[in-house]
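Everything below concerns the one structure shown next.
The values are calculated or read from the model by the stated rules, or taken from the named source; none is laboratory data. Treat the numbers as computed from the prediction; the structure is a model and nothing was measured. A quick note on method: Cβ atoms are made from the backbone with ideal geometry, for glycine too, and the neighbour counts reach across all protein chains shown.
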Amino acid sequence: YNRQLERQLRLQGEEIAILDDSIAQATTVDRQILPLMLRMVDALEQFVALDIPFLPRERAERLQFVLEAIDRVDVTVAEKFRQVLEAYLIELEFGRTIEAYTGTVDVGGQKLEVDFLRVGRIGLYYQTLDGTQSARWDVASKSWVNLPASDRNPVREAIRVARKLTAPNLLTLPLPTAGDAS
């Protein structure tokens, strides 16, 4: 009986050593994953800052939510990492979708209520609610460039497509070219 107990104690001691080793490794992973998550969020913040300026408040709030989750002690490391990855996936999805939403834009010190149109990451447009003014975001100058009257209907139609008010169709929107200075 004593030999059996000694053997069980020895095996339990080995299991305890294995568990202690696992705990030490998990602690090391936890210490390494936190800086990785912070670098990932920092990189995403920089990406958003350099990207076309669509849904700025929503995107900033998402990043703030992720940072707050990272700081919380009641959130597991796995959940923190999941939230970081989800923020990346949402940003990734923006590059493959078309979206229209209403908002305000400051044009020459005047706030205008407009319909915005985002076409992936290649085009950001707005059109005033009365349809009399349209513009596209120019990445090079980081400013809005007014579009000629001939481009208003294509922008209006693209907004309708994005809102699923009309069937998807080929969009003929003005895009900047490599040689564009404006």
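For region 106-123, the candidate set comprises residues that are in contact with a Phe, Trp or Tyr (Cβ under 7 Å, 6 or more places away or on another chain) and over 16 Å from Arg152 (Cβ atoms); within that set, the residue that is modelled with the highest pLDDT is Arg118. With respect to the conditions (1) touching a strand residue (DSSP E or B) at 6+ places or on another chain (Cβ under 8 Å); (2) exposed (fewer than 10 other Cβ atoms within 10 Å of the Cβ), Ile52 lacks only one, and its number is (2).
Exactly one residue out of Leu34, Leu19 is surrounded by 11 or more Cβ atoms within 10 Å (Cβ to Cβ), in a helix (DSSP H, G or I) and not assigned by TED's automatic domain parsing to the domain that holds Trp137: that is Leu34. Evaluate the following for Leu89: is it modelled with pLDDT of 95 or more, over 25 Å from Val114 (Cα atoms) and either charged (D, E, K, R) or not assigned by TED's automatic domain parsing to the domain that holds Val139 (or both)? So Leu89 passes the test. Per the listing Arg59, Arg72, Arg31, Arg82, the residue uniquely closer than 25 Å to Ile98 by Cα and not hydrophobic (A, V, I, L, M, F, W, C) is Arg59. Based on this model, can you work out whether Leu171 counts as more than 18 Å from Leu50 (Cβ to Cβ), touching a residue at least 40 places away in the same chain (Cβ under 8 Å) and not in a strand (DSSP E or B)? Considered against the rule, which asks whether it is more than 18 Å from Leu50 (Cβ to Cβ), touching a residue at least 40 places away in the same chain (Cβ under 8 Å) and not in a strand (DSSP E or B), Leu171 comes out as yes. Can you pull out every residue in region 162-175 that is surrounded by 15 or more Cβ atoms within 10 Å (Cβ to Cβ), over 23 Å from the mean Cα position of the chain (by Cα) and either at pLDDT 90 or above or within 18 Å of Asn146 (Cβ to Cβ) (or both)? If the condition is that a residue be surrounded by 15 or more Cβ atoms within 10 Å (Cβ to Cβ), over 23 Å from the mean Cα position of the chain (by Cα) and either at pLDDT 90 or above or within 18 Å of Asn146 (Cβ to Cβ) (or both), then Leu173, Pro174 are the ones that fit. All conditions but one from (1) within 25 Å of Val41 (Cα to Cα); (2) under 23 Å from the mean Cα position of the chain (by Cα); (3) surrounded by fewer than 13 Cβ atoms within 10 Å (Cβ to Cβ) apply to Ser143; the one that does not is (1). Summed over region 86-122, the residues that are out of contact with any Leu (no Cβ under 6 Å at 6 or more places or on another chain) and not in a helix (DSSP H, G or I) give a count of 24.
The number of residues in region 146-155 being under 10 Å from Tyr125 (Cα atoms) and loosely packed, with under 15 Cβ neighbours inside 10 Å comes to 1. Note on region 69-101: among residues that are in contact (Cβ under 8 Å) with a residue 12 or more places away in the chain and farther than 30 Å from Arg163 by Cβ, the one that is surrounded by the most Cβ atoms within 10 Å (Cβ to Cβ) is Val84. Considering only residues in region 114-165 that are among the aromatic types (Phe, Trp, Tyr) and touching a residue at least 60 places away in the same chain (Cβ under 8 Å), the one that is farthest from Leu50 (Cα to Cα) turns out to be Phe116.
For region 70-79, the criterion of being of a type in the set (Asp, Glu), under 30 Å from Ser141 (Cα atoms) and out of contact with any Pro (no Cβ under 7 Å at 6 or more places or on another chain) is met by no residue.
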